[in-house]
Amino acid sequence: MTEKFETALVHAGRTGTKTYGYVNPKLTRGSTVLYPDMATKLALGKRYLEPVELYGICGTETHFALEAAITEIEGGSHCQVVGSGLAAITMPLLAFLSAGDHLLVPDSVYGPTRTFCQAVLRRFGVATTYYDPMLDEAGIAALMRANTKVLFTESPGSHTFEVQDIPALARAAHARGVKLFMDNTWGIHHFQPFTHGVDVSIQALTKYAGGHSDIILGAVTVNSESDWAILRKGSLELGQYASPDDCWLALRGLRTLSVRLRAQAVAALEVAKWFAGQAEVARVLHPALPSCPGHEFFKRDFTGACGLFGVVFQPQFNAAAVVAMIDALKLFGIGASWGGYESLVLPTTGTISRSAGTGVFEGEIARFQIGLENTEDLIADLTHGLTALRAG
Ligand SMILES: Cc1ncc(COP(=O)(O)O)c(C=O)c1O
């Protein structure tokens, strides 16, 4: 991205500032595209790697505008939008893997990614090994096999926020011809995947890009023509599609992403630091705080944070006490997802799967998404919640 983030978000995916027409790209819905004659149809039919309107599933100008914007934010060469953040994980895995291949996945991965590996990839003959997300270059290299094709990463990890040493993992992967995938949803804008060695970067646009908890959408970005050919072909073979209405809403969300992200990051760090000072809290899993595993990699590789973090309670507070705290909160919705304008909370312990012996913390964990409410109001609500925790 040559322009600064804020400027790029205002202009990305638009034709320009001095065109005769509306400010925003059009919302185009469509299945059939009509061609003037057969010669045009035959000529255009081969151009599926380009943003050309060929048939609905290949995308419309609305899709292409969003893909151009995400390409710019991620710093890659090409982007494919798909129907959900989960589809942005499963589609490239299916496109790059074949029967007999081996895949490495961090133990801290988003639960449905694990389910996909166990339920679908296993059925199609792809074996998955789960690894400690804090492994270094030598540690991950030791787990690689002759048939390892993809090293999947998610940094920070879902719910427990381990920040991975992506450049070290990239070195280990590339030395063996392995592709490095990263779920970069948490690090949107603040982690530039391709400058750190990532080959395939995944964004759940449902979160901060949408920003209003009203769409489900994903994006996969790559940074080479050869990876783009595999990804685009795989996406079309699998019939992946995203609603143009959701793409249009994501484009609208992107225009305010920089201010929302900044405000939510500042508020979240303030709340995280407040939690760190409470007697009921054993530690806070916020990548910008030294108490978070991999904090040193966060400081080295990220330019900032978003508004999602975890809190580990002291061991004397059991799961029922955490539930009592959550039920006592008035300003925090109880629900999945994050990146919207409103604050949310979810208990973590008991809801996550681990199989590589990681994820052991001092006590029960809860995950907080900080929205655009006033921070003093949120802290007052949380103070009330801690009273319920002690009583529970
Ligand atoms: C890290 C991460 N990746 C991917 C997803 C999936 O996104 P979606 O809900 O759009 O399928 C989520 C959803 O919570 C997530 O937290």
Inset, instruction - Amide H neighbours of ALA282 under 5 Å, at least 5 residues apart or on other chains, H built in the peptide plane: list them. - result: VAL312, PHE313, GLN314
Legend entry - Surface accessible to a 1.4 Å probe, per residue, for the residues of the stretch 5-254, Å²: 41
Inset, instruction - Roll a 1.4 Å probe over the protein chains and send me the accessible area per residue for the stretch 257-391 in Å². - result: 42
Legend entry - Per-residue HN-Hα couplings for the stretch 92-102 [Karplus 6.51, -1.76, 1.60; θ = phi - 60°; Hz; x = Gly/Pro]: x, 4, 5, 6, 9, 10, 9, 3, x, 7, 10
Inset, instruction - List every residue whose amide H lies under 5 Å from the amide H of CYS292, counting only residues 5 or more places away in sequence or on a different chain, with H placed 1.01 Å from N in the peptide plane. - result: HIS286
Legend entry - Pairs of Cα atoms farther than 19 Å apart, the stretch 42-108, %: 48
Legend entry - Rounded percent of accessible protein surface that carbon and sulfur make up, the chain, 1.4 Å probe: 57
Legend entry - Quarter of Cα convex hull surface for the chain, i.e. mean projection, nm²: 20.2
Legend entry - For the stretch 190-195, 3J(HN,Hα) per residue [Karplus equation, 6.51 cos²θ - 1.76 cosθ + 1.60, θ = phi - 60°, Hz, x = Gly/Pro]: 7, 10, 8, x, 6, 7
Legend entry - Cα→Cβ-extended label distance, 7 Å offset, between GLU225 and TRP274, nm: 5.4
Inset, instruction - Choose one answer from ASN374, ASN223, ASN318: the residue with the largest mean-square fluctuation in a GNM of the chain with alpha-carbon springs under 10 Å. - result: ASN374
Legend entry - Among GLY277, GLY75, GLY157: highest mean-square fluctuation, GNM of the chain, C-alpha pairs under 10 Å: GLY277
Inset, instruction - Looking at the chain, send over the antiparallel percent of its DSSP beta bridges, to the nearest 5. - result: 55
Inset, instruction - Please work out the FRET efficiency for the pair GLU50 and LEU238, using the Cβ-Cβ distance as r and a Förster radius of 25 Å; give the result to the nearest 0.05. - result: 0.80
Inset, instruction - Let me know the longest stretch in the chain that avoids all chymotrypsin sites (Phe, Trp or Tyr not before Pro) found in a DSSP loop with at most 11 other C-beta atoms within 10 Å. - result: 23-392
Legend entry - Phi to ³J(HN,Hα) by Karplus 6.51 cos²θ - 1.76 cosθ + 1.60 over the stretch 151-163, Hz, x for Gly, Pro: 9, 8, 9, 9, 9, x, x, 4, 6, 10, 6, 5, 8
Legend entry - Cβ-placed point charges (K, R +1; D, E -1), dipole of the chain about Cα centre in debye, nearest 20: 660
Inset, instruction - Give me the percent of Cα-Cα pairs in the stretch 54-201 that sit more than 27 Å apart, rounded to a whole number. - result: 20
Inset, instruction - Round to a whole angstrom and tell me the spacing of the C-alpha centers of the stretch 334-357 and the stretch 61-132. - result: 20
Inset, instruction - Would you please give the residues with an amide H less than 5 Å from that of VAL82, counting only those at least 5 places away or on a separate chain, with H modeled from the backbone geometry? - result: GLY218, ALA219, VAL220
Inset, instruction - Please report, to one decimal in angstroms, the Kirkwood hydrodynamic radius of the stretch 257-391 built from all distinct Cα-Cα pairs. - result: 15.1
Inset, instruction - Could you tell me which trypsin sites (Lys or Arg not before Pro) in the stretch 1-73 are loop residues by DSSP with no more than 14 other beta carbons within 10 angstrom of their beta carbon? - result: LYS4, LYS18, LYS26, ARG29, LYS46, ARG47
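The values are calculated or read from the model by the stated rules, or taken from the named source; none is laboratory data. Just so it is clear, the model here is predicted, and its values are computed rather than measured. When we count neighbours, we look across all protein chains shown, and the Cβ atoms used for this are built from the backbone with ideal geometry, even at glycine. To get the accessible areas, we keep the full protein, side chains included, count just its heavy atoms, and leave off ligands, DNA and RNA. Shrake-Rupley method; radii C 1.70, N 1.55, O 1.52, S 1.80 Å.
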